[in-house]
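Read the structure below first, then the notes.
The values are calculated or read from the model by the stated rules, or taken from the named source; none is laboratory data. Computed from a predicted structure; not experimentally measured. Cβ coordinates were reconstructed from backbone atoms using ideal geometry, including for glycine residues, and neighbour counts include every protein chain displayed. The area values use the complete protein model at the heavy-atom level, side chains included, leaving out ligands, DNA and RNA. Shrake-Rupley method; radii C 1.70, N 1.55, O 1.52, S 1.80 Å.
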Amino acid sequence: MMAGMTRISIIGLGAMGASYAAKLHGVPDTQIRVIASGERAERLRRDGVIVNGVRHDFEVVSPDQDLPAADLVIVGVKYTGFVQALEDIRHHMGDQTIVLSLLNGITSEAEIAAAYPTCHPLLSITFGVDAVRHGQEVTYSSLGIMEFGEASNTSDLSWQAQWVARLFDAAGLAYEIPPDMTKRLWWKFMINTGVNQVTAVLECPYAVVQDSRSPAHDLMIAAQREVVAVAQARGIRLDETDIDAWITVLNALGPRQYTSMAQDVLAHRPTEAEIFSGAMRRMGDEEGVPVPVNTCLHQILLAKEIVWRG
């Protein structure tokens, strides 16, 4: 750990953000600062956040407060709040600040680095998290595992990756540092591009895509094969075995559970279509790789949002 008090700033106290904040809150000599404004900040100061039955009253700071730079910034907002979050973390960024993004997709780390060239975003993905938020209460039975690191971790680990590893050890958070983090990031992107979008379009639970005989299953695989094709055009070593590995994971998931994107559609909330099929359309054009399945999924999801808005 860094010498003295460890400062951790978190923006976005959704189910995952709040769960991570609660675990890190228990690390000695660690200050948790939650970045929020307006009614959300007032509610957090008044009601706190309850995680697995335990109330946590985090320090709430406004985006315009001039504060010492954070050692670690965790970005836990959804994609629809990402642009604003990039501005709101400005007073927490320093030359040595490490950033972990909990966003889906494959672009947030690069966008953070572009906005703050002296900070150090680590690539990261999470698996096996079942945290759910209802109002100010968050419950989970598993926080799964976070994989993080530099694009490649085959030689000596960077001091930033080692620092986060020590922090997670102290907090009791499970993690791995894969040799090829870029491929792992794209593997998670492949998974979400298929399963999240198909279940969102169909407004269905995992059971529908778990049935290998169903058209929904075939549609999911077709969308994921397009990700493999774009990845290979970009020099990323995804292939059919990575889809097979996903099917093994898929079949172990609760058949009645819904992906986060399907939950968004059912609640008529804005979706993350832009970071999945929207990104695929842009990358497909750049690489000259046809992506008809993702083009169709993107159009359907955008159309659904237009219908909701009336």
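Annotations
- A convex hull fitted around the alpha carbon atoms of the range 120-198 yields 119 Å³ per residue.
- With every protein chain in place and a 1.4 angstrom probe, the accessible-area ranking of ARG184, ARG269, ARG309, largest first, reads ARG309, ARG269, ARG184.
- Charges were assigned to the Cβ only: +1 to each Lys and Arg, -1 to each Asp and Glu. The resulting dipole of the chain about its Cα centre is roughly 600 debye.
- In sequence order, the range 283-295 has phi-based couplings of 5, x, 4, 5, 9, x, 10, x, 9, x, 5, 5, 4 Hz under the Karplus curve 6.51 cos²θ - 1.76 cosθ + 1.60, θ = phi - 60°, and Gly or Pro positions carry x.
- Each Cα pair under 8 Å and six or more residues apart adds its separation to the average, and for the range 114-178 the resulting relative contact order is 31 percent.
- With DNA, RNA and ligands ignored, accessible area of MET5 (1.4 Å probe; Å², nearest 10): 90
- When CYS204, CYS296 are compared by accessible area of protein heavy atoms, the largest-first order is CYS296, CYS204, using a 1.4 Å probe.
- Dipole axis of the range 99-200 (+1 Lys, Arg; -1 Asp, Glu on Cβ), positive-most option in THR126, LEU103, ILE191: ILE191
- Charge tally around ALA70: other residues with Cβ under 10 Å, Lys/Arg +1 each, Asp/Glu -1 each, net +1.
- Cut-off 9 Å between beta-carbons: net charge of the residues surrounding ARG7, Lys and Arg +1, Asp and Glu -1: 0
- Cα centre as origin, Lys/Arg/Asp/Glu Cβ charges: the range 2-62 dipole, Debye: 60
- Computed from Cα positions, the angle between helix 181-202 and the longest principal axis of the chain comes to roughly 60 degrees.
- For the range 145-192, the relative contact order is 52 percent, taking Cα pairs closer than 8 Å that sit 6 or more residues apart in sequence and dividing their mean separation by the residue count.
- The heavy atoms of GLU59 present about 80 square angstrom of accessible area, all protein chains included, probe 1.4 Å.
- Lys-Lys pairs in the chain that are eight or more residues apart or on separate chains and whose Cα atoms lie under 23 Å of each other come to 4.
- Axis angle, to the nearest 10 degrees, between helix 38-47 and the longest C-alpha principal axis of the chain: 70 degrees.
- Formal net charge of residues neighbouring GLU150 (Cβ-Cβ distance under 11 Å; K, R +1; D, E -1): -3
- Compactness of the range 186-258 as Cα Rg over 2.2 N^0.38 Å, two decimals: 1.05
- Only helices enter the 222 nm calculation for the chain: every DSSP H run of n ≥ 4 contributes -39,500 (n - 2.57), and dividing by all residues gives -14000 deg cm²/dmol, rounded to 500.
- Each residue was assigned an accessible area with a 1.4 Å probe, and for TRP159 the value is about 110 Å².
- Cα-based Kirkwood hydrodynamic radius, the chain, one decimal, Å: 20.2
- Taking every Cα-Cα distance in the range 101-157 and sorting them into 10 Å bins starting at zero, the pair-distance distribution P(r) comes out as 20, 38, 30, 12, 1 percent.
- Accessible-area ranking of LEU67, LEU297, largest first, probe 1.4 Å: LEU67, LEU297
- Magnitude of the charge dipole for the range 3-130, about its Cα centre and with charges confined to Cβ atoms of Lys, Arg (+1) and Asp, Glu (-1), is about 300 debye.
- The range 179-310: relative contact order in percent, alpha carbon pairs under 8 Å with at least 6 residues between: 32
- Values of log10 I(q)/I(0), in the order q = 0.13, 0.19 Å⁻¹, for the range 144-271 under a Debye, Cα-only, solvent-free model: -0.65, -1.07
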